[in-house]
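Nothing in this text is a laboratory measurement; each read-out follows from the coordinates by a stated rule. A quick note: this is a predicted structure, and the numbers were derived from the prediction, not measured. Quick reminder, even Gly has a Cβ in these numbers, built from the backbone with ideal geometry, and neighbours come from all protein chains shown.
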Amino acid sequence: MSYKERFEGEPGSADDRTGLNEGDLKDSELEQVLSNFRSSVRAWSEAEYSRPRAAAKAARGRSWRLAAGWALGCALVAGGVGGGVYERHQRLETARIAAVHEAEQKRLAVEEKAREEEELLAKVDSDVSREVPSAMEPLAQLMAEDETQ
Amino acid sequence: MRNATGRVNSQPVRASTCVMAAGTALEPMTGEAAAEIAALQLETATEEFSSVVASHRPQIFRFLLASTRDVDLAETLTQECFLKAHRNWGGFRGDSSAMTWLMRIAINLQKDHWRNRRMQFWRQTRNHAVDLDEASDWLPSGERSAEQKMLAREQVGRVWEAVKGLSERQRTVFLLRYVEEQELSAIAQATGLSEGTVKAHLSRALARVRAELGGKR
């Protein structure tokens, strides 16, 4: 029975309802194609219906577990990397502060040493100038006069 | 007692009295007898439902598979369909055939699924629907030449392409008519549409299939 015939006896034009007038495809060809389509769907359905489904279900469950695993893994990696970066940053900052502190200490030590040397020299100078022997007194006076001039 | 659809009429039986059609009152039924009848009815209903599942499950699965092209989803919806049917089995009066009733449940479940999926699209990580090429591979070999097989496969692929482009309602009507080979009245009952609307949807669906097949030849 053709698809036109199937609609015979029903109100209205069969062609209007089935779209059999459109295009250049013949009814028999369309019927054959639809029959192939039906056979194809049935064969596919039968094959899938008789196939055990447990594996597919597990696969879907696994996919969620896999996604959760990936998410957890990514979070752990991100956390690890973030922690590492933070730790490194902290270490560098501590090292920088220590270096600055050490440099300051050195600078203070150098300044202290310079000041001490200066004081020592001044003391020596004053001591030397104070302890000029009497035999050298005239020469010291001359030097003092030269300095005042 | 079986009705026209082959279903046993499971109207509740009063425990107090059982009245014959002629109006002759029988002896009052004891509680034990009522419990026995109830147990028998339950057993009968279970057996009936089991036979309905056995005979209609493959067809419901096939319709859902063709509609969704997703094997796992079709299996899930089929299970949901029979679960729902089992819960409402007592309410099935046999106004339509069991197949039409089940198909109606399946269509509604499918509709709900697509609606939920549209609303919660972000929850979908991936689509499990198979490719159209893969769906077209399932063609019984028969006694054809290699060339004929190739042509048939190509044409089936084009029908799938056309089906993919149909609206949900057109697709449902098309599959019920040309895959399940249901009568228009049964399609109308299963979809809740009038026969005229079913014909209109069918006409548009066929026109699309024809255009797909004719336009690309």
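Each residue in the range B:42-60 was checked for being more than 22 Å from B:SER96 (Cβ to Cβ) and surrounded by 11 or more Cβ atoms within 10 Å (Cβ to Cβ), and 1 of them qualify. Filter the range B:185-204 down to the residues that are within 8 Å of another protein chain (Cβ to nearest Cβ) and of a type in the set (A, V, I, L, M) and list them by number. Result: B:ALA200, B:LEU202. In the range A:27-41, the residue that is nearest to the other protein chains (Cβ to nearest Cβ) out of those that are surrounded by fewer than 18 Cβ atoms within 10 Å (Cβ to Cβ) and free of Cβ contacts under 8 Å to residues at least 24 places away in the same chain is A:SER39.
Within the bounds of the range B:166-173, is there any residue that is outside any loop (DSSP other than H, G, I, E, B), among the small types (Gly, Ala, Ser) and out of contact with any strand residue (DSSP E or B) (no Cβ under 7 Å at 6 or more places or on another chain)? Among the residues of the range B:166-173, not one is outside any loop (DSSP other than H, G, I, E, B), among the small types (Gly, Ala, Ser) and out of contact with any strand residue (DSSP E or B) (no Cβ under 7 Å at 6 or more places or on another chain), which makes the answer no. The set of residues from the range B:206-217 being in a helix (DSSP H, G or I) and either touching a residue at least 40 places away in the same chain (Cβ under 8 Å) or more than 9 Å from every other protein chain (Cβ to nearest Cβ) (or both) comprises B:ARG208, B:VAL209, B:ALA211, B:GLU212, B:LEU213.
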